[in-house]
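So the structure is just underneath, and the comments pick up after that.
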Amino acid sequence: MNARLAVARQEGLTEAEIAEIPNYESSELLSPREKAAIHFAEVLAGDHRRASEALFDELREHFTEPEILDLGWRIVTFIGYGRLIYALGLEIGQTCPLPHAAES
């Protein structure tokens, strides 16, 4: 979580905006564009089969088609990264201990 917050801060989000993310739908601090992006991330991170035409209609109100694709790739990259880190039992920032090849 700390790495995600660091990136959010680096991207210019205030502490108040970061605190609003879990309740983004009712937030008065986040823009409609930010809310749409968070909604997209929430769908892809949860049950991605909920990705509906309505979701993409919402995204098209704020993003171009290439931006939606780019956003989707970024979201799934971070989701996959997070899941791998979790599966390996690592914390963000730790080195991954790889097994050494058997010597012949």
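If R0 is taken as 25 Å, the Cβ-Cβ distance between Asp57 and Arg83 corresponds to a FRET efficiency of 0.30.
Given axes a ≥ b ≥ c from the Cα gyration tensor, I'd like to know whether the range 1-92 is rounded (a/c under 1.5), prolate (a/b larger than b/c) or oblate. Oblate, since a/c reaches 1.5 and b/c is not below a/b.
Throughout, read-outs are computed from the coordinates displayed, never taken from laboratory work. Remember, it's a predicted structure, so these values are computed and weren't measured experimentally. Ideal geometry is used to build each Cβ from the backbone, glycine not excepted, and the neighbour counts take in all protein chains shown.
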